[in-house]
Amino acid sequence: MKGKRLLVLLTLLLAGSALGGCGFKDIDKRFFVVAMSVDPSGKEDKKYLVTVKLAIPSPSEKFGSNQYTLVSEDTDSIAQAVRIIKSKVDKELDLGHLKAIVIGRELVEKGNMDEVMDWFVRRRDIQNIAWVAAGVPDGRSILDLRPPTERLPSNMLFMSFGQVGTETAYIVSEYLFDFRRRLRERGLDPILPIVESRGDQQVAINKVALLDKNKMRLVLDPLDTKIFNSFYQGIGKYDIQIRQDQGYFIISADNVKGSFTIENVQGKTVITLKPHIHGIIEEATSPISKTELAKYERQAEQEIKERALQFVKRLQQANIDPIGFGLRYRARHPGNPDHVWKKWVELYPEVEFRVQPHVRLTSTGQLG
Amino acid sequence: MAESSDFVIRQLDHHDTTVHLFYLKSICDDLKIQRDLVLPLYQADRAESYENYVRSLINQKTSSSPGQLLERVIKGEAIVCIEDTFIANVPMKKPLNSSPGPAEVEVSVVGPKHAFSEELDTNMNVIRSRYTESSLTVERANLESHPKTEIAIFYDRELVDPEVLEGIKKDLKRISDHIVIQAAGQLQRKMSPARRTLFPTVMITERPDRVVLNLSQGKVAILVQGTPFGIVAPAVFYDFMTAMDDVYSHYWTSRFLLVLRYIGLFFNLTMASFYVGLTSYNPEFLRVQLALSIAGSRAPVPYPSFIEVLFMLLMMELLTEASIRLPRTIGSTATTVGGLILGTAATQAGLVSNIMIIIVACVAISNFVLPINEMMFSMRVMKYVFLGITTIFGIMGLVIAFIGLIVHLTRKQNYGRAYLRFFAENGKVVPRKEAG
């Protein structure tokens, strides 16, 4: 009886070991793909140039120990490219740590993003929390950066997008799952932060590419990026420059949160943007008085109103909707979804925008 | 019996009375015999008055059959024969190791400092003086071993669950062995209905305060002659996680220490398995920084991760075993040589990775956090089961092994008590420790 039980157990164990899902592969026999880029291929008959950035682990991590190799392949499909790349390296590719996907600007302009992203979303071992960005001048050159301040390859991108290291309102981070959602969702358009190589192994991330469902339509400059970000992430450490007489003063906001409402006012659809800003004055060209904080608040509100209006009008003209007005409209209007959507598409170019900013300054930034 | 050189037959003549004394010189107190048995004879004026005197001696029991007398002699009693008509046996045993030593295995910071002694009578004294209730009952019995071992069963008549008591007595009666039983651990093994269980169902303790606390909770304690350790039954999983200091210190500190022990238990069981599972199956579980640093430190290691882990764990076990058996003066040298030098050298030689050393140290240290020895040993073995399953099935295997362990523990019965239960216990269950 006892022997039989042991035998059953042994058989189960043996059978189970054959099932072992992802298989035993030691960590030093794996190549971690930390970043990946897709560019249009230079060859006539191929569609993409796929590049993977493989981290070379170093036993002692220190600044500048960001060793990596880049492997590229021209193919028609990304899956195929990765298979061929596997044959070019000596270790198993591990996509579990792929955290940055850089798409070359040219490809973003060319369009067909849905097809490009399909492999990334479908592939089971790529985490959906990978960051997506557009690379300028192209994806591969963004991958091929070796900043001396990095401890790991591509860590600079992770730190910037994850807001683990630098915290700034100029960086918009876009997750893979969100990008995919925006590609599919009616009434919410995709965005891609632009990573620019600026020489000396450094990058600048302060612009955003706005896409329709297919390709790039608009690039926001840093100031507009900041405004957009307040509706997107609601990030702190925000600076706003306000013109005042001949000079200016700058508000450093701890918290900026934008919200909006869609209303029907006398037969017209009106979208009211309501940015809430709490902060202190950080820099000023002329003397600032504590008793006149209310006055500065009004000035700031006036200025913000103008800028925000300008910003949304640009979106309206380009007929893109990264903030999600359409989605809100769809959510609040019952009926056949297709009809509602059709109605919104007709409405959007005619929508009237209003801005009601609320600024609260708590201090002049000075003692006394 | 007469063949033994320590067997003494003394003949005493006074007036016209002849008295014979039989005893074993080796275990009897000569001075006491002289004082209590010999001197009174010469002071007595008649044979009857001496006979009456002997009768008055405490603990005196009159037995008649030769077999019983022989047993008495072996137990350290002197037989007094007056004129072949009156026979009495008087306890004259010279006690050995009767003073309780300091507690060494279960050290308490602020609790009582002394452990049990190796003498059953002294231990009974210790318990009686700590547990001053008339309901405390002591039953002395002999185990059916060869030679017979004397034990004492303690319980509080009013608190004990009769079913549990009955079960324990039945288990004790069941024991029949050709080998002598000399330690509480041995008795526990013989008592346990499941011969090959990994988890202890009774608790072995050297602390009188723990025994008394458990008695007051309605448990049964068994003390064995010749060992300073007692058995407390029935014990459930939680009992093995408590130290006596939990009762003695502040509420929040004791809670903190309790949580710490569970964390230690978890680390001890799973750290090695996590290493194998994470480095060989699911590195995406780690942060990329750590993944790369492990990969980097594993680069010179030629063997798969589980061999690396097994090698290092084996080293650690050897070290632990060696330092237990070695005399204290050499012990510290062994740990230094083993722990520090071997660890560093193994990494430099490229046999194990740096991270591995940290993990092994963590496993080794977290094991010692568990306050009761038996549970410590069980968990030491258990982690290899976890490691084996993880090596084959990865992190999923580890999760399933953990669930399996909990299922096994909850299913386990101990004198009608569930070994591990997560929520409030019902009224029939022996009340658990109330801290504070």
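The values are calculated or read from the model by the stated rules, or taken from the named source; none is laboratory data. Computed from a predicted structure; not experimentally measured. Virtual Cβ from ideal backbone geometry, glycine too; neighbours counted across all protein chains shown. Side chains included, ligands, DNA and RNA excluded: accessible areas come from the protein's heavy atoms. Shrake-Rupley method; radii C 1.70, N 1.55, O 1.52, S 1.80 Å.
Check B:Asp84, B:Asp13 and return the single one that is open to solvent by 30 Å² or more (accessible area, probe 1.4 Å) and in a strand (DSSP E or B).
B:Asp13
Taking the conditions exactly as written (touching a Gly at 6+ places or on another chain (Cβ under 7 Å) and modelled with pLDDT of 85 or more), does B:Ile357 satisfy them or not?
yes
Any chance region A:103-119 includes a residue that's outside any helix (DSSP H, G or I), within 14 Å of chain B (Cβ to nearest Cβ) and among the polar types (S, T, N, Q)?
no
Filtering region A:151-170 down to residues that are open to solvent by 10 Å² or more (accessible area, probe 1.4 Å) and in a loop (DSSP other than H, G, I, E, B), which residue is nearest to the other protein chains (Cβ to nearest Cβ)?
Going through the qualifying residues, I end up with A:Arg151.
When the residues of region A:130-150 are filtered to those that are of a type in the set (Val, Ile, Thr) and farther than 18 Å from A:Leu54 by Cα, which remaining residue is most open to solvent (accessible area, probe 1.4 Å)?
A:Thr149
Name, by its number, the condition in (1) in contact (Cβ under 8 Å) with a residue 24 or more places away in the chain; (2) within 14 Å of chain B (Cβ to nearest Cβ) that does not hold for A:Ala134.
(2)
Just wondering, is there one or more residues in region A:214-235 that are on the phi > 0 side of the Ramachandran plot, in the same structural domain as A:Ala133 (by TED's automatic domain parsing) and at pLDDT 85 or above?
Within region A:214-235, none of the residues are on the phi > 0 side of the Ramachandran plot, in the same structural domain as A:Ala133 (by TED's automatic domain parsing) and at pLDDT 85 or above.
Enumerate the pairs (first residue in region B:347-363 and within 12 Å of chain A (Cβ to nearest Cβ) and under 30 Å from B:Leu260 (Cα atoms); second residue anywhere and open to solvent by 50 Å² or more (accessible area, probe 1.4 Å) and in a helix (DSSP H, G or I)) with beta-carbon separation below 8 Å, excluding pairs fewer than 6 apart on the same chain, so at least 6 apart or on different chains.
Close Cβ pairs (under 8 Å, with a partner that is open to solvent by 50 Å² or more (accessible area, probe 1.4 Å) and in a helix (DSSP H, G or I)) amount to B:Thr347/B:Asn354.
Looking only at region A:336-354, count how many residues are of a type in the set (A, V, I, L, M) and over 12 Å from A:Arg186 (Cβ atoms).
2
Being open to solvent by less than 40 Å² (accessible area, probe 1.4 Å) and either within 11 Å of another protein chain (Cβ to nearest Cβ) or at negative phi (or both) narrows it down to one of A:Ser65, A:Ser87, so name that one.
Only one candidate qualifies: A:Ser65.
Check region B:193-214 and report whether any residue there is open to solvent by less than 40 Å² (accessible area, probe 1.4 Å) and more than 28 Å from B:Pro100 (Cα to Cα).
Yes, some residue in region B:193-214 is open to solvent by less than 40 Å² (accessible area, probe 1.4 Å) and more than 28 Å from B:Pro100 (Cα to Cα).
Does A:Arg122 satisfy the criteria of being open to solvent by 40 Å² or more (accessible area, probe 1.4 Å), in the same structural domain as A:Ile171 (by TED's automatic domain parsing) and under 23 Å from the mean Cα position of the chain (by Cα)?
Yes; evaluated as a whole, the condition is true for this residue.
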